[in-house]
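Here's the structure we're looking at; comments come further down.
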Amino acid sequence: MSHFTFNAAGSAAGAGLPTTSQPQQQNQPQQQLQFMSFDSSQYGNAAGSGSAAYGGSAGGFAPPPPVGYAAGGVSADFSHVPVGGAFSAGPVGGGGAPRYDDDFDNEPPLLEELGINLRDVVAKSRAVLNPVKTNAHAFEDNDLSGPVMYILAMSVCHLLRGKLHFGILLGWSFVACVVASWCTSMIAGPGAGVDVWRGVSVIAYCALPMVFFSLFSLVVGGVFASMLAVVCVLWCTSAAANVLVGQNKQQLSGSWALVAYPCMLYYCVLAMLTLY
């Protein structure tokens, strides 16, 4: 072990500082500054034991374990896992390993996953085009995808005229259709089995002529637009009343005008929003 000494008197003389006389230096013992020494040999065993405790050797640092190494000496191999595949879990309750399916060709269409059937929308739209004899059997489900498309189309037509009515059309259409369908169920009587949500779908689908009126209102106006609005309101009302009465002939027999009145109020609101 090496020691380092430092002579304060010699350093002062070398730096040109004033020093004391020689007799005083002889009488007083020289003061030596000793610095702490460091011996690296005594730490060798500790460093070796520390590296050995972490899986390395006593002579140096051990590299990290490879990928897939698990505690207890059990290795996990992830080489069989494919990259970019669709992951699907095993059966519920255990008993099956996760599966990866790369077959994207058999994926269902997006509209089918969303529950939108364009064929049904087209069939119901064609049924509405005949206001005298509307096919009531085409409206056997509670589909609302077509009405949402109609409201979007009307909103675009209103937007082209500088009117932002999407929220108004969507909100008031929902409220008005629910109220009109509820009135129809009340006219049929309690326990008649009239589905309120099916009535909402029918009344909203029968608003297709109002979409045509919103489109024609972009190029026409004045008295001709008002007359066209009256025709479209009567068209929508006749189609909706025919479907609702046709689906519940026993309960709504002879109540065509009562069923048509709340529906006509809703279509009048749509016409006024388009005109004004």
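General remarks:
- With a Förster radius of 25 Å applied to the C-beta separation of Val230 and Leu152, the computed FRET efficiency comes to 0.50.
- Label point distance in nm, Trp197-Val122, each placed 7 Å from Cα along Cα→Cβ: 2.7 nm
- Here the Karplus curve 6.51 cos²θ - 1.76 cosθ + 1.60, taken at θ = phi - 60°, turns the phi angles of the range 114-123 into couplings of 7, x, 9, 10, 5, 5, 5, 4, 5, 5 Hz, with x standing for Gly and Pro.
- Placing R0 at 41 angstrom, the Cβ-Cβ distance between Ser255 and Leu114 gives a FRET efficiency of 0.70 after rounding to 0.05.
- Inter-label distance, nm, simple model (7 Å from Cα along the C-beta direction), Val175/Val219: 3.5 nm
- Zone of Asn130's modelled label, taken as backbone nitrogen in the range 236-266 under 20 Å from a point 7 Å along Cα→Cβ: 236-249
- Fraction of accessible area attributable to carbon and sulfur, the range 143-275 (%, probe 1.4 Å): 76 percent
The values are calculated or read from the model by the stated rules, or taken from the named source; none is laboratory data. Predicted model only: the values in this text are computed from it and were never measured. All Cβ positions, even for glycine, are placed from backbone atoms using ideal geometry, and neighbour counts span all protein chains on display. When the accessible area is computed, the model is the full protein with side chains, heavy atoms only, and any ligands, DNA or RNA have been set aside. Shrake-Rupley method; radii C 1.70, N 1.55, O 1.52, S 1.80 Å.
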